[in-house]
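Right, one structure below, let's go through it.
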Amino acid sequence: MPKRANNPSAGDVYVTRQVHFNAGHRLFNPARSEAWNRRTFGPCSNPNGHGHNYVLEVTVRGRPDPETGYVVDLGELKRIVEAAVVVPCDHQNLNKDVDFLKGVIPTAENLAVAFWGRIAPRVRAGVLYSVRLYETPRNFAEYRGPDPLP
Ligand code: NI
């Protein structure tokens, strides 16, 4: 049996940066009728929208670099997530104001996928593990990419 506990390079370490932003949205599928949207989304489809205090957790994984002890520099990850997601989304209407969300029904699920698409190209290949988006403390969606590793 390998002594994993005694060998710090024997397994991946998962490192998370959490960021916050506030935004409005409306759950609405323009391809369907108002009645269908009301039936499907309830008050989340109210015509003038509503807001959330979103919490986004971005997790990377890998072996700590022997020289720095870091999987990634969390300061750098913070800057990447701020630029890729927080700056374009904070205090915006996610249905109307954010270019990369055009045509996306802004559920937590779809936002998590879209945010992955913004963050993945900006970090070292293969290091992004998950993007978890909280709409409320009890409702969240997590995306682990199109081809998740076990
Ligand atoms: Ni909502």
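The values are calculated or read from the model by the stated rules, or taken from the named source; none is laboratory data. Since the structure is predicted, the reported quantities are computational estimates derived from the model, not experimental observations. Surface areas here come from the heavy atoms of the whole protein model, side chains and all, with no ligands, DNA or RNA. Shrake-Rupley method; radii C 1.70, N 1.55, O 1.52, S 1.80 Å.
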Per residue solvent-accessible surface (Å²) - the chain, probe of 1.4 Å
62
Whole-percent carbon and sulfur contribution to the accessible surface of region 17-143 (1.4 Å, no ligands, DNA or RNA) stands at 49
Sequence of R17, R138 when ordered by accessible area, the most exposed leading, probe 1.4 angstrom
R138, R17
Sorted by accessible area (1.4 Å probe), largest first, how do F140, F100 line up?
F140, F100
With only alpha-carbon atoms in the gyration tensor, what are the semi-axes of the equivalent ellipsoid for region 17-143, in Å, largest first?
31, 13, 12
